[in-house]
1. At 1.567 mPa s and 4 °C, plugging the Kirkwood radius over alpha-carbon pairs of the range 120-171 into Stokes-Einstein gives what diffusion coefficient in µm²/s?
2. Please provide three numbers in whole Å: the alpha-carbon extents of the range 353-446 along the principal axes, with the largest listed first.
3. Once you list every other residue whose beta carbon is under 13 Å from the beta carbon of Ala500, what net charge do they have if Lys and Arg are +1 and Asp and Glu are -1?
4. Could you name the lysines whose alpha carbon sits less than 19 Å from that of Lys363, not counting residues in the same chain fewer than 8 places away?
5. Each residue of the range 100-112 in turn: what ³J(HN,Hα) in whole Hz from Karplus with 6.51, -1.76, 1.60 and θ = phi - 60°, glycine and Pro shown as x?
6. Please compute the Kirkwood hydrodynamic radius of the range 1-155 from all pairs of different C-alpha atoms, in Å with one decimal.
7. Can you list the residues, at least 5 places off or on another chain, whose amide H is less than 5 Å from the amide H of Val492, using H built in the peptide plane?
8. Could you list, bin by bin from short to long, the percent of Cα-Cα pairs of the range 459-561 in 10 Å steps?
Amino acid sequence: MTVTEIDSNQFRKMVKAASMSLNNNADFINSLNVFPVPDGDTGTNMNLSLASGQKYVANTDSKSVGDLAAALAKGLLMGARGNSGVILSQIFRGFSKSVENKKTLAASDINDALVEATKTAYSSVMKPTEGTILTVIHGAAERSREIYETTDDVAALMDEVSNAADNALAKTTELLPVLKQVGVVDSGGQGLAFVLRAFADSLNGREISTESNEPDNEEMNEMIDAQHHQSVQGQIDPADIKYGYCTQIMVRIGKGKEVDRKFEYQPFYDYLAQLGDSLLVVNDEEIVKVHVHTEHPGKVLAWGQQFGDLANVKVDNMRLQQEDIMEADQPHPNHDQPKAIQRPNDTAVIAVASGSGIAKLFKSLGVTDIISGGQTMNPSTQDIVDAINQSGAKRAIILPNNGNIFLAAEQAAKVVDIPVVIVHSKTVPQGMTAMLEYDPNAKLADLQSAMDESVSYVQTGEVTQAVRDTELDNVHIKKDQYMGIVDGKISVTSSNMIDAATQMVKTMLDEDSEAVTILYGDGADEREAQRLKDNIIKMDDDLEIEIHAGGQPVYPFLVSVE
């Protein structure tokens, strides 16, 4: 079947086919986890993200592919969940940018769009890592570059692109050590490969199956996903601050007396990337906003002035802030008592959490708003935007409590009208510890620094049951065994829940340990939590141990050690 151009009707069919494919294969992609935990992970995130994009396309009354691509990118961004969903949104942001003035797409347009999609995806990540979804889009774009001038058949071109994506996906096994260890592929890349295959099938008139394309059980048990281990944030180690000045500027593009350069995103970004880390550059047609940690704030200001005048400038010495924080860092005397909510016209503190008990604990620590979600359901960018906008506050702090929510939170912070900072809490216990540093009268930058610092002092242990057999880091895991996971790494396994929890806590304790908090959820009760406490006291009777009903799904026990 020869197709020489993609019109608006065909593009709608392609997006619908891709959304259907991710929906059909979400459970399979979810099964590709490093840890055999029943999380709603990459498959769910990509499925819901693309479903949001498809909805925006369906609601756009236009016969221009450029308009529909813009709607897809917007919907993906607003519905983006987890790192994989956000990166997928950036892929189609680049695609949309390339075709924004196109009514239909020829083979050359598809090539240009894939090249731009790759550039945008890589530039959206501070430290791009191969062996992920980035490798797959890069492989697809490279194949398009090789052949697009030899054919005007976009259906044939997309078949080649899809095959190249599959080949790149297979190579992810060798590119990430955790994937190579067990000989498997990346799940974010697998999700993108499903999208591109659906595009190809739609263009070639092949029926989109309503069945999952998952392999047999033996293959599935071997596959894992390292996407959520990828660090895409630039973070500061409070004990060893490499770049000492938090520098923020807003440039009014083309305005002012010192302008001598035309703004182009990539050269602008690349220069700043050489000056430090934690770099964020966001722009539209009129302004560009910059946040970077650097040793040379003057160079950042001078660079920005070449493109326009500086509307806002803020430079903080983080080393001095750190010294102040260390001097003032004392336990809060009454942190177990509920605090008055400081939300209206002031600060919204928004935490992501699952479980009524955990939500209640967060509220008692000063959190003003709860977004339901976490391990089993990552909230979307839109969910976070809605929580911020509905808070009625002048500024906001987000506690993601899950590393896979960081990117969605960062995207939400870009599109709201009030200042927002993200505390990099990867677990519920980290979020709770961060709240002990919360002072509604402090500056946002100071709050973020103090709360991020406190997170580094917390170990988190999670007990859950394996949903399949696997082997990781020389640990043999059988289906239905209980696993103790410490800060993202499986430390113990046992057929007995209390034994697994006890042995897990044992690996977490050292001579500096002072306090242990036990949150019991689905699959455990207060009596079993007390048994765990008794076992911990036998190890060290000087520890301060608290038990709370968390009500969290998936994990019978969440345990923190400080």
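Quick note: the coordinates plus some simple rules give every number you see, no bench work behind them. This one's a predicted model, so the numbers in the text were calculated from it and none came from an experiment. For neighbour counting, all protein chains shown are included, and Cβ atoms are generated from backbone atoms with ideal geometry for every residue, glycine included.
1. Details: Rh = 11.6 Å.
Diffusion coefficient, whole number: 112 µm²/s.
2. The principal-axis extents, from largest down, are 31, 28, 21 Å.
3. Working: positive: Lys478, Lys506, Arg531; negative: Glu462, Asp480, Asp499, Glu528.
The answer is -1.
4. Lys339, Lys426
5. Taking θ as phi minus 60°, the curve returns 4, 10, 9, 7, 10, 10, 9, 4, 5, 5, 4, 4, 4 Hz for the range 100-112.
6. Numbers: mean 1/r = 0.0629 Å⁻¹.
So the Kirkwood estimate lands at 15.9 Å.
7. Hits under the 5 Å cutoff: Gly484.
8. Reading upward from the zero bin: 16, 52, 27, 4.
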